[in-house]
1. Let me confirm something: among VAL165, VAL157, VAL205, which residue is in contact with a Leu (Cβ under 6 Å, 6 or more places away or on another chain) and over 28 Å from LYS67 (Cα atoms)?
2. Can you tell me how many residues within region 311-334 are in contact with a Leu (Cβ under 9 Å, 6 or more places away or on another chain) and under 18 Å from GLN193 (Cβ atoms)?
3. Looking at ARG416, ARG371, which one is out of contact with any Pro (no Cβ under 7 Å at 6 or more places or on another chain), surrounded by fewer than 19 Cβ atoms within 10 Å (Cβ to Cβ) and either of a type in the set (D, E, K, R) or under 23 Å from ASP458 (Cβ atoms) (or both)?
4. When you look at ARG349, is it more than 24 Å from ASP279 (Cβ to Cβ) and touching a residue at least 40 places away in the same chain (Cβ under 8 Å), yes or no?
5. Of (1) closer than 26 Å to LEU62 by Cα; (2) buried (at least 22 other Cβ atoms within 10 Å of the Cβ), PRO261 satisfies all except one. Which?
6. Could you list all residues from region 190-211 that are open to solvent by 10 Å² or more (accessible area, probe 1.4 Å) and either free of Cβ contacts under 8 Å to residues at least 40 places away in the same chain or aliphatic (A, V, I, L, M) (or both)?
7. Scan region 101-126 for residues that are of a type in the set (S, T, N, Q) and farther than 13 Å from ASP155 by Cα and jot them down.
8. Looking only at region 83-100, which residues are under 14 Å from VAL158 (Cβ atoms) and either free of Cβ contacts under 8 Å to residues at least 12 places away in the same chain or open to solvent by 50 Å² or more (accessible area, probe 1.4 Å) (or both)?
Amino acid sequence: MGCYEDQKMLQNDEVSVVGKPKQEIDKPTGCIEEGNRQTSDRPLRWKWVSACIWTDNMLTALENGVKGGKWFSLIDKVTKPLTLFEAWEKVKSNKGAAGVDKISVDKFEAKWPQYLDEIRKEIIGDQYCPEAVRRVYIPKGNGKTRPLGIPTIKDRVVQTALKMVLEPIFEQRFHEHSYGFRPERGAKDALRQVAQYLKDGFTHVVDVDFQSFFDTIPHDRLMELVGNQISDGRVLKLIDMFLTQGIMEDMKTWVPTQGTPQGGVISPLLANIYLNDLDYLADELGVIMIRYADDYVILTKSKESAIMAKEAITTWATSVGLTVHPEKTQLVDYGAGEGFDFLGYRFERGYRFIRKKSITKLRDAIREKTRRLDGRSMNAIIGSLNRMMRGWYGYFKHAHYTVLQEVDQMVRRRLRAIYRKREKRPGFGRTLDDHKRWPNSHFAKLGLFTNLEAYLKDKARYNRAAACQSR
């Protein structure tokens, strides 16, 4: 592999690929060709926006500022046929479960022109009303669960269209140290920044946690913040309806008075809008804050600054209706060997480990895929494991290699236990005889993905790329 290919390993490895819609009949038309022409000329930072909505003239206005500082007449862009079609394509690609109306993605796809036309007419005629959100609970760890709302496909399309129209307006004002649920940014970028600041001597850390953040955001202040940039009453009404749409749980429906529905397409954007002032407060305090949605850390060079920042942020949170978790918020002296968790990783003693909750979750997933009574072929089991492990490694590959090695050992041990069970022999695949009979090379021949091998290959590529850059 040459220097050019190796140097690409040093860049952000997250790429997004937009596929063409499968259906070619009855597509909305009007600005597809114009959009394709514009996207080739627009600045790189705006490549992700919909060219049909955000023309070059609108982007220029966005960069220079609009008269009065507010945006008017946006509802026509939400209801534009091509906007709704693009929104539907995004919803379809994300798949997901059906809402309370039991209309799945497949069912919606069978009649998408009809459904999109209904949505458009309802919004224009001021008759659109979101249906209740179906509430489910997903495992959170330690036996706890997290509530998740599942809107209908129809409501997800409308929320996505709203997001496509509104996101660039607020992106222009978001802080550079905010990474959660933003275009061209992600958790890996946030982790990379934290690691760099720790190396630069920002070793006094405030690990802050908001208590039930998404469930406690006050609606009135949130709408005020949105209204500071948006003056289209019909757009504001749509947002307010999504904040107050019913929640169906156990066949009963109730209406929330605060919070944003977890699972809603537009909720992450609204959360970032609510916390944007906090990002700039960190600048005023003279500290570094790296935030991913409601998960963030503050980094300073002194204990005094860390204490001051913690107190100031606690005061700010109280003033905007939020609560800093008294038990989960802590001061950490990273330079003295203390550690803290952030986005699944454990930063400690100059290394990145994997936090205990993340390891526990992975081990549970491995056990689920390697039950000793699994009747599938070993190739099928390994194929299922590989799909999961490649994704897991892609995120946690910067962890200390010993953790990766331990995961590999667990996987092979579980596979050996399956072999033993099929021979009607008890045991867990831990004996020396088992290792001799089914050595690591046996599973390698079957194509088993191993974290350590992937780590060593990546390390070699990074070293070659670094050597090329130093020439």
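1. Within the list VAL165, VAL157, VAL205, the selection yields VAL205.
2. Residues in region 311-334 being in contact with a Leu (Cβ under 9 Å, 6 or more places away or on another chain) and under 18 Å from GLN193 (Cβ atoms): 1 in total.
3. Criteria check complete, one pass: ARG371.
4. On the way: more than 24 Å from ASP279 (Cβ to Cβ): yes; touching a residue at least 40 places away in the same chain (Cβ under 8 Å): no.
So ARG349 does not fit the description; no.
5. The single condition PRO261 does not satisfy is (1).
6. Those that are open to solvent by 10 Å² or more (accessible area, probe 1.4 Å) and either free of Cβ contacts under 8 Å to residues at least 40 places away in the same chain or aliphatic (A, V, I, L, M) (or both): ARG192, ALA195, GLN196, LEU198, LYS199, ASP200.
7. Matches in region 101-126: GLN114 only.
8. Once the filter is applied, which keeps residues that are under 14 Å from VAL158 (Cβ atoms) and either free of Cβ contacts under 8 Å to residues at least 12 places away in the same chain or open to solvent by 50 Å² or more (accessible area, probe 1.4 Å) (or both), region 83-100 yields GLU86, LYS90.
The values are calculated or read from the model by the stated rules, or taken from the named source; none is laboratory data. Please read these numbers as outputs of a predicted model, since none were measured by experiment. Because the Cβ atoms are built from the backbone with ideal geometry, glycine has one as well, and the counts that use them run over all protein chains shown. For accessibility, only protein heavy atoms count, side chains too; no ligands or nucleic acids. Shrake-Rupley method; radii C 1.70, N 1.55, O 1.52, S 1.80 Å.
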